[in-house]
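In what follows, a structure is listed as structure tokens, so that the remarks can point back to it.
The values are calculated or read from the model by the stated rules, or taken from the named source; none is laboratory data. Just so it is clear, the structure is predicted and the values come from calculations on it, not from any experiment. So basically every Cβ, Gly included, is an ideal-geometry build from the backbone, and we count neighbours across all protein chains shown.
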Amino acid sequence: MNNTTDFDFFNTQLVHNVGNRVGPIAQTITPSAAFGYQNAEEAEGIFSATVNKPLYARVGNPTNGKLESIVAEFEGGFSAIATASGMGAISMVCTAFLNAGDELLCIGGFFGGTYSLVNETLARFGVTNSFCEVDDFTHIENTLKRGVKMVIFESVGNPSLTLPDVQRIINLCNQYETVVMIDNTATPLLLRPLTMGADIVVHSSTKNMSGHSAALGGVAVFRAVKEEGDKLLNAKYKDLHKIVKKMGKKAFIPICKKRAIRDFGMTANAFGSFMTMVGVETLALRVERINQNVAKVAALLDEKFPEGVRVNHPSLASSPDHARYVSDFPQGCGPLLSIDCGTKERAFTFLNALKLVILTANIGDNRSLALHMTSTIYADFDEEARKFLGVHEGLIRVSIGLENPVSVAEDFLQAANAL
């Protein structure tokens, strides 16, 4: 597949989609929670979705709407919903589409929050799950054959850095008429799964999309529903048929709003969406720079790390995912790399010696960040789960930022020398 990104195109598109030519050049915020209706007839139309005006901020806000249109366009989607966080976006989709007794197939390594949502919270409500490695296509196809309701996977495993065969998985999901949701948080612009045939893409917009750590948020982006023969009309989605037949190509929006947002309230706030748009203006510049930096830092560390400290990134020939990186991710696979110090104690010593890199739980920031995994995000996970997710005692997840890559590498090297 050809995933080459024209960053110059997006540098032009994003600044003009976020900004205005007439009136206020910058985006404005509509902070109101409630909206007045002109008359009773308009109120009826708004609630029935035949009149396109704000109803109540829990189900939509003009500032959120602007962000949604921008993200939908650069993802190659038809529509989008902004949420309070990335986990809010995933939770919204899962609760809108899944019922007790349904099964969710999870492919590859996962962020700890997603794993907990699937394996603990959704399980409490009767949604079963199946996990498999990214290349276990026997399990994937057998699970799809038995009528699983949804497939979810990450474009890049966080923090495992495993790379899936995105196109092959999408094609199988379409063959067996199964909804597929891809967490594209690590790879905005680098990968556009909706143009490859996916149904839903989700982001933690807190990460790469904003870049400045000033706005918690998420977004789910949807394809248009086909006029005839759409997979949502498969019998296993019969509880959605009424909405699909009534709403047509925009059906993903009312499915998520009426079956999740309205009742669970994981909606984004106007200020968060505004701050996210401030970041989106420079997304293409930052994605290009950061992905160049990651490869440079990984190469320097691979060459100069002392014995007992190891760096992992798919750009390195030593990575088991290197071939897929070269073929499917020619401009990078996001801001992450990992460092293995062997033990928790050595990882703590390493982290405490850092002078430039910041210790925090975020990724995709303009600054370089690092965090020990088993003592933080994965502290409550048992050994079996950690092993499947590619997390072990000495693992440090690193998110590379905009800084001089040589300076970042030098900080890691001096920290390694402290061991």
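Quick notes
- For Y237, the criteria (1) closer than 26 Å to V134 by Cα; (2) crowded, with 24+ Cβ neighbours inside 10 Å hold in every case but one, which is (2).
- Every test in (1) buried (at least 21 other Cβ atoms within 10 Å of the Cβ); (2) modelled with pLDDT under 95 is passed by R223 save one, and that test is (2).
- In summary, strands (runs of 3 or more DSSP E) completely within the range 144-217 and bearing 1 or more residues that are crowded, with 24+ Cβ neighbours inside 10 Å and without any contact (Cβ under 8 Å) to a residue 60 or more places away in the chain occur at 150-154, 179-183.
- When the range 116-143 is filtered for residues that are outside any strand (DSSP E or B) and among the β-branched types (V, I, T), the ones remaining, listed by number, are V118, T121, V127, V134, T138, I140, T143.
- Every pair of residues 6+ apart whose Cβ atoms lie under 6 Å, when the first sits in the range 335-357 and is under 23 Å from N208 (Cα atoms) while the second is crowded, with 16+ Cβ neighbours inside 10 Å and among the basic types (K, R): S338/R397
- Residue within the range 237-247 that is free of Cβ contacts under 8 Å to residues at least 12 places away in the same chain, in the same structural domain as F97 (by TED's automatic domain parsing) and more than 27 Å from R58 (Cβ to Cβ) present: yes
- V221 in a strand (DSSP E or B), closer than 30 Å to R289 by Cα and outside the structural domain of A370 (by TED's automatic domain parsing): yes
- In the range 302-317, the residues that are surrounded by fewer than 17 Cβ atoms within 10 Å (Cβ to Cβ) and either aliphatic (A, V, I, L, M) or more than 29 Å from the chain's Cα centre (by Cα) (or both): E303, K304, P306, E307, G308, A317
- Hits in the range 356-409 - residues which are more than 14 Å from V311 (Cα to Cα), at pLDDT 95 or above and assigned to a helix (DSSP H, G or I): P405, V406, S407
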